[in-house]
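Q: Starting off with a structure, shown below.
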Amino acid sequence: MAGIPSVAPAPPLKDELDIVIPTIRNLDFLEMWRPFFQPYHLIIVQDGDPTKTIKVPPGFDYELYNRNDINKILGPRASCISFKDSACRCFGYMVSKKKYIYTIDDDCFVANDPSGKPINALEQHIRSLLCPSTPYFFNTLYDPFREGADYVRGYPFSLREGVPTAISHGLWLNIPDYDAPTQLVKPLERNTRYVDAVLTIPKGTLFPMCGMNLAFDRDLIGAAMYFGLMGDGQPIGRYDDMWAGWCCKVICDHLGLGIKTGLPYIYHSKASNPFVNLRKEYKGIFWQEDIIPFFQNVVLPKECTSVQKCYIELSKQVKEKLSKIDPYFDKLADAMLGISLTLLDHPRPMAKHKPTLVNNHLTRSGTIYILTPFQLTIAALLAVILFFNFMLLSLGTIKERRHNPSLIYRKRRKLQSVELSQSKKTLYFTIYTVFCGNL
């Protein structure tokens, strides 16, 4: 109606999500993300020289940590956090007090979908995290919880409830996330293909996780989201996010959690130097041929019933089976254990999972119910009918009590209770038909 101002919807999970950004430069890129990021709290992890001033555009709510802060907060265990490498971002995961984390690199900008509309990457990640995953049986329509999709014929009904989603892995347009050898042979390659799909990575399948556009549930998998020892003083780099991804995947498979990949896309603007990358990756290219079979064959005991227990057990197996490759894996296993002990020493209380209404998407316990305007209207009408039904029966009861003896009143009251119960059943059946028919 004219004259009535429209009310903008509240940002989803505004008080339950932190955005973590590792950086060595001024964060001018945030201006492009302002419409989507400004309502949220930012945790900025400054890498490199702690005396350098990082400028953040005005209007953002943020904390900024540099190496001096990391040393002060973690003390002797500060060596577990990488220096001069984007793996330092995992410190932001540790100091966050929120249930959800979204992390993005400072050379990533807002992408446009094929229609030219800017993509709200954060909103899509939230949607993916709040919907269940389907790791045990592949659905040929991909994510059955997306609008317009569903389970196909032949999908087991016993598996249609899905499992909680721990990680949402987003993709990128423009500069591909290549390893150094591929960068060298395909220097002009660009990713221009936009695939409008989200799918669950099947159980038992590893994947190369990229940390530049990633969201996860800290309560479900946060204790395993450690990006390893990389960068300054280490023999390897650029394997930080992939290492974390391999660890998280085997733990998610063990605990019955899901990981989604696909949407949303961001625009990756800057190609890193392939020759510098080759120096960082050189040993990892060879080590990977032993690392992947290790993760493919990892077996976690039944006693590992939490992420912390799984990660501690995984650190022991890394030390036992990978240290023969290089002494570096001894240090890495010790760092994994150190991070786990740090998190156990300073646990964060589990966030209360309250229902959240986001664009008419009511969520609870990871399941999403889509309420259309028609369904909301029907809900209001049914509530009014139930109210008047109850009031009429109550008035009848008062009249009966005035004019009838107590025995007749009790019989009449019992009959009315039956009538009210039947009325409720009819209404409940109608509500179930209207609201659950499309679930």
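Q: Got at least one residue in region 56-68 being loosely packed, with under 13 Cβ neighbours inside 10 Å, within 22 Å of the chain's Cα centre (by Cα) and not polar (S, T, N, Q)?
A: Here is the first cut: in region 56-68, the ones loosely packed, with under 13 Cβ neighbours inside 10 Å are 58-59, 61, 68.
With within 22 Å of the chain's Cα centre (by Cα) added as a condition, the list becomes 61.
Those still in the list that are not polar (S, T, N, Q) too: 61.
Yes - at least one qualifying residue is present in region 56-68.
Q: If a residue must be among the acidic types (Asp, Glu) and within 21 Å of Gly338 (Cα to Cα), how many such residues does region 285-312 contain?
A: Within region 285-312, the first condition is being among the acidic types (Asp, Glu), and the residues that meet it are 289-290, 303.
After this cut, where a residue has to be within 21 Å of Gly338 (Cα to Cα) as well, the list is 303.
The number of residues fulfilling the criteria is 1.
Q: Against the condition within 30 Å of Lys97 (Cα to Cα), surrounded by fewer than 23 Cβ atoms within 10 Å (Cβ to Cβ), at pLDDT 95 or above and among the charged types (D, E, K, R), how does Glu161 come out, does it pass? It would help to see each step written out before you state the result.
A: Numbers: within 30 Å of Lys97 (Cα to Cα): yes; surrounded by fewer than 23 Cβ atoms within 10 Å (Cβ to Cβ): yes; at pLDDT 95 or above: yes; among the charged types (D, E, K, R): yes.
Yes, satisfied.
Q: Pick out the one residue from Gly204, Gly233 that is out of contact with any strand residue (DSSP E or B) (no Cβ under 9 Å at 6 or more places or on another chain), of a type in the set (Gly, Ala, Ser) and at positive phi.
A: Working: Gly233 fails: out of contact with any strand residue (DSSP E or B) (no Cβ under 9 Å at 6 or more places or on another chain).
Residue meeting the stated conditions: Gly204.
Q: Still on this model: Can you confirm whether Gly245 is crowded, with 20+ Cβ neighbours inside 10 Å and at positive phi? Lay out the reasoning, then the answer.
A: Values: crowded, with 20+ Cβ neighbours inside 10 Å: yes; at positive phi: no.
Here the answer is no, as Gly245 does not meet what is asked.
Q: Further question: Restricting to region 144-160, give me the number of residues that are outside any helix (DSSP H, G or I) and either touching a Gly at 6+ places or on another chain (Cβ under 9 Å) or hydroxyl-bearing (Ser, Thr, Tyr) (or both).
A: Step one: filter region 144-160 for residues outside any helix (DSSP H, G or I), giving 144-156, 160.
Pick out the ones that are also either touching a Gly at 6+ places or on another chain (Cβ under 9 Å) or hydroxyl-bearing (Ser, Thr, Tyr) (or both) and you get 144-145, 151, 155.
Number satisfying all stated conditions: 4.
Q: Does Ala224 count as at pLDDT below 95, of a type in the set (Gly, Ala, Ser) and either more than 28 Å from Cys80 (Cβ to Cβ) or touching a helix residue (DSSP H, G or I) at 6+ places or on another chain (Cβ under 7 Å) (or both)? Outline the logic, then answer.
A: Numbers: at pLDDT below 95: no; of a type in the set (Gly, Ala, Ser): yes; either more than 28 Å from Cys80 (Cβ to Cβ) or touching a helix residue (DSSP H, G or I) at 6+ places or on another chain (Cβ under 7 Å) (or both): yes.
Criteria not met by Ala224.
Q: If I filter region 84-96 down to residues being surrounded by fewer than 21 Cβ atoms within 10 Å (Cβ to Cβ) and modelled with pLDDT of 95 or more, which single residue comes out as nearest to His169 (Cα to Cα)? Don't jump to the end; show me each part of the working.
A: Let us first name the residues in region 84-96 that are surrounded by fewer than 21 Cβ atoms within 10 Å (Cβ to Cβ), namely 84, 95-96.
Narrowing further to those that are modelled with pLDDT of 95 or more: 95-96.
On the way: Val95: 22, Ser96: 20 Å.
The extreme case among them is Ser96.
Q: Name the residues in region 6-45 that are in contact with a His (Cβ under 9 Å, 6 or more places away or on another chain), closer than 16 Å to Leu64 by Cβ and surrounded by fewer than 19 Cβ atoms within 10 Å (Cβ to Cβ), would you?
A: Those that are in contact with a His (Cβ under 9 Å, 6 or more places away or on another chain), closer than 16 Å to Leu64 by Cβ and surrounded by fewer than 19 Cβ atoms within 10 Å (Cβ to Cβ): none in region 6-45.
Q: Sort through Pro187, Pro202 and tell me the only one that's more than 25 Å from Arg127 (Cβ to Cβ) and surrounded by fewer than 21 Cβ atoms within 10 Å (Cβ to Cβ). Break it down into steps so the answer makes sense when it comes.
A: On the way: Pro202 fails: more than 25 Å from Arg127 (Cβ to Cβ).
None of the other options fit; the residue is Pro187.
Q: Which residues, taken from region 275-321, are surrounded by 16 or more Cβ atoms within 10 Å (Cβ to Cβ), among the β-branched types (Val, Ile, Thr) and farther than 16 Å from Gly204 by Cα?
A: Val307, Ile312, Val318, listed by residue number.
Q: Can you report the number of residues in region 97-132 which are assigned to a helix (DSSP H, G or I) and of a type in the set (Lys, Arg)?
A: Filtering region 97-132 down to residues assigned to a helix (DSSP H, G or I) leaves 121-130.
Filter once more, keeping what is of a type in the set (Lys, Arg): 127.
Residues that pass the stated criteria total 1.
Q: So in region 118-160, with the set limited to residues that are of a type in the set (D, E, K, R) and touching a residue at least 60 places away in the same chain (Cβ under 8 Å), which one is farthest from Ile221 (Cα to Cα)? Write out each step before concluding.
A: In the first step, residues of region 118-160 are kept if they are of a type in the set (D, E, K, R); the result is 123, 127, 143, 146-147, 150, 153, 160.
Checking the rest, the ones that are also touching a residue at least 60 places away in the same chain (Cβ under 8 Å) come to 123, 127, 143, 147.
Numbers: Glu123: 20, Arg127: 17, Asp143: 21, Glu147: 26 Å.
Per the stated criteria, the residue is Glu147.
Q: Sticking with this one: Quick one: which residue in Ile266, Ile292, Ile221 is under 30 Å from Pro114 (Cα atoms) and either part of a strand (DSSP E or B) or of a type in the set (A, V, I, L, M, F, W, C) (or both)? Write out each step before concluding.
A: On the way: Ile292 fails: under 30 Å from Pro114 (Cα atoms); Ile221 fails: under 30 Å from Pro114 (Cα atoms).
Criteria check complete, one pass: Ile266.
Q: Just to be sure I understand the filter: pairs with C-beta atoms under 9 Å, separated by 6 or more residues or on different chains, first member in region 200-213 and over 16 Å from Tyr142 (Cα atoms) and at pLDDT below 95, second member surrounded by 18 or more Cβ atoms within 10 Å (Cβ to Cβ) and of a type in the set (A, V, I, L, M). Which pairs pass?
A: Hits for this filter: zero, empty list.
The values are calculated or read from the model by the stated rules, or taken from the named source; none is laboratory data. Because the structure is predicted, anything quoted here is derived from the model rather than measured. Because the Cβ atoms are built from the backbone with ideal geometry, glycine has one as well, and the counts that use them run over all protein chains shown.
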